[in-house]
Every structure is written in C-alpha cells, then in structure tokens.
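Student: Before I ask anything, let me first share the structure, which is written out below as structure tokens.
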Amino acid sequence: MKLNLFKILIMCLLFSKTFAATYEVKMLNKEGKELMIFNPSVLKINVGDTVKFLPSTRGHHPRSIFIPKDAKSWEMKGNKEIEVTFNKEGIYIYDCKNHYVMGMVGVIQVGKVMNLDHAIEFSNKYKKKVSMNKERLSEYLRELK
Ligand SMILES: [Cu+2]
C-alpha cells in the first residue's frame, strides 16, 4: 500500500511538469466599443506555458517588442497562427505591426513580475508612437503584480 502511494506521488510530480497550459489570444478588429485589440490583452501565465496567437481576423501581425533579459523574441509569419512557449519569467509586451499606432498592444506576465520598472519606462517611450488608445499599455501594466 505504501509503495502504491509513493508511485502515485512520483506520477503526479512527473505529470505536473508535462501539464503546461496553452492559452489563446485573439486578434480582433473590434470588440464592443474597442477597435484593434488583442483578447485577452493582459495574460498571466506560468513558466513553460504556451500562448497561441489566433488570426481571428486577417491583417494582424503580432510581434514581441519588450521581453525579459535572455528571453526569445517572436513575430508572426504571414497569416498563420503562431504558438509561443514562454520559458523565461517576467513581463513581455507585444504589439501588432500593422495597428500599433491604433494602440493594438498586449501584455503577458510569465510567473512573477520581475521587470515592471523597465516595462513602465518602455511604455512611456512607446506611447509617443501611438495615436489612438495611447493609455492602453500603461493601463495593462497597472493590472500586473
Ligand atoms: Cu492588427
């Protein structure tokens, strides 16, 4: 009996490693009153989780623009959905290459918040390039912690 419990415990430990979650982010022209938006635009995930960027409507082009030190950047190719696995903890900011001027931006927090000061600094410079929904990124970053 004891041995069985031990086996079960080991199995649980092994499986918990392989049970990384997959999330989906939609790229939308319109959602309610909001135009050119990612949904969800703020995502909190664990290290090792994957995010699929779905081309729900055509013409969007997500790409990372701010990532933690030693993390990998990403960019969508063509109109195909992309899957990104996040192995480094911290805040990631991405936007849509075609609609960033309209404030099409998103935030992913992987594990603990580690680089919030840098992210805010980045956001303050970034919003100079944005003409619509200028405050979106700052608002998104305020949701972290
Ligand atoms: Cu777009």
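The values are calculated or read from the model by the stated rules, or taken from the named source; none is laboratory data. Everything numeric here is computed off the predicted structure, so don't read it as measured data. A quick note on method: Cβ atoms are made from the backbone with ideal geometry, for glycine too, and the neighbour counts reach across all protein chains shown. Just so you know, the surface numbers come from the protein's heavy atoms only, side chains and all, with ligands and any DNA or RNA stripped out. Shrake-Rupley method; radii C 1.70, N 1.55, O 1.52, S 1.80 Å.
Student: Are there any pairs, at least 6 apart or on different chains, whose C-beta atoms fall under 7 Å, with the first in region 124-145 and assigned to a loop (DSSP other than H, G, I, E, B) and the second at pLDDT below 95, and if so, which?
Tutor: Leu144/Val113; Lys145/Val113
Student: Sort through Lys72, Lys52, Lys125, Lys112 and tell me the only one that's exposed (fewer than 15 other Cβ atoms within 10 Å of the Cβ), over 25 Å from Phe19 (Cβ atoms) and either at pLDDT 95 or above or more than 12 Å from the ligand (Cβ to nearest atom) (or both).
Tutor: Details: Lys72 fails: over 25 Å from Phe19 (Cβ atoms); Lys52 fails: over 25 Å from Phe19 (Cβ atoms); Lys112 fails: over 25 Å from Phe19 (Cβ atoms).
When all the criteria are applied, what remains is Lys125.
Student: Run down Lys44, Lys26 and say which single residue is within 13 Å of the ligand (Cβ to nearest atom) and open to solvent by 40 Å² or more (accessible area, probe 1.4 Å).
Tutor: Working: Lys44 fails: within 13 Å of the ligand (Cβ to nearest atom).
Step by step, each of Lys44, Lys26 is checked, and only Lys26 is within 13 Å of the ligand (Cβ to nearest atom) and open to solvent by 40 Å² or more (accessible area, probe 1.4 Å).
Student: Kindly establish whether Val101 is within 19 Å of Met36 (Cβ to Cβ), open to solvent by 30 Å² or more (accessible area, probe 1.4 Å) and either touching a residue at least 12 places away in the same chain (Cβ under 8 Å) or part of a loop (DSSP other than H, G, I, E, B) (or both). Walk me through how you get there before you give the answer.
Tutor: Values: within 19 Å of Met36 (Cβ to Cβ): yes; open to solvent by 30 Å² or more (accessible area, probe 1.4 Å): yes; either touching a residue at least 12 places away in the same chain (Cβ under 8 Å) or part of a loop (DSSP other than H, G, I, E, B) (or both): yes.
Yes; evaluated as a whole, the condition is true for this residue.
Student: Within the bounds of region 84-103, is there any residue that is within 14 Å of the ligand (Cβ to nearest atom), of a type in the set (S, T, N, Q) and closer than 15 Å to Leu141 by Cα? Reasoning before the result, please.
Tutor: Going through region 84-103, the residues within 14 Å of the ligand (Cβ to nearest atom) turn out to be 94-103.
When the remaining residues are screened for being of a type in the set (S, T, N, Q), the result is 98.
Among the residues that remain, those that are also closer than 15 Å to Leu141 by Cα are: none.
No: region 84-103 contains no residue that is within 14 Å of the ligand (Cβ to nearest atom), of a type in the set (S, T, N, Q) and closer than 15 Å to Leu141 by Cα.
Student: List pairs: first residue in region 55-79 and farther than 17 Å from Val42 by Cα and of a type in the set (Lys, Arg), second residue part of a loop (DSSP other than H, G, I, E, B) and open to solvent by 40 Å² or more (accessible area, probe 1.4 Å) anywhere in the structure, Cβ distance under 7 angstrom, at least six positions apart or on different chains.
Tutor: Arg58/Asn79
Student: Return the residues of region 55-69 that are within 13 Å of Gly111 (Cβ to Cβ) and surrounded by fewer than 13 Cβ atoms within 10 Å (Cβ to Cβ); say none if nothing qualifies. Show your work before the answer.
Tutor: Let us first name the residues in region 55-69 that are within 13 Å of Gly111 (Cβ to Cβ), namely 68.
The answer is none; no residue qualifies.
Student: Then there's this: Restricting the search to region 1-26, which residues are at pLDDT 95 or above and of a type in the set (A, V, I, L, M)?
Tutor: Step one: filter region 1-26 for residues at pLDDT 95 or above, giving 21-26.
Those that are at pLDDT 95 or above and of a type in the set (A, V, I, L, M): Ala21, Val25.
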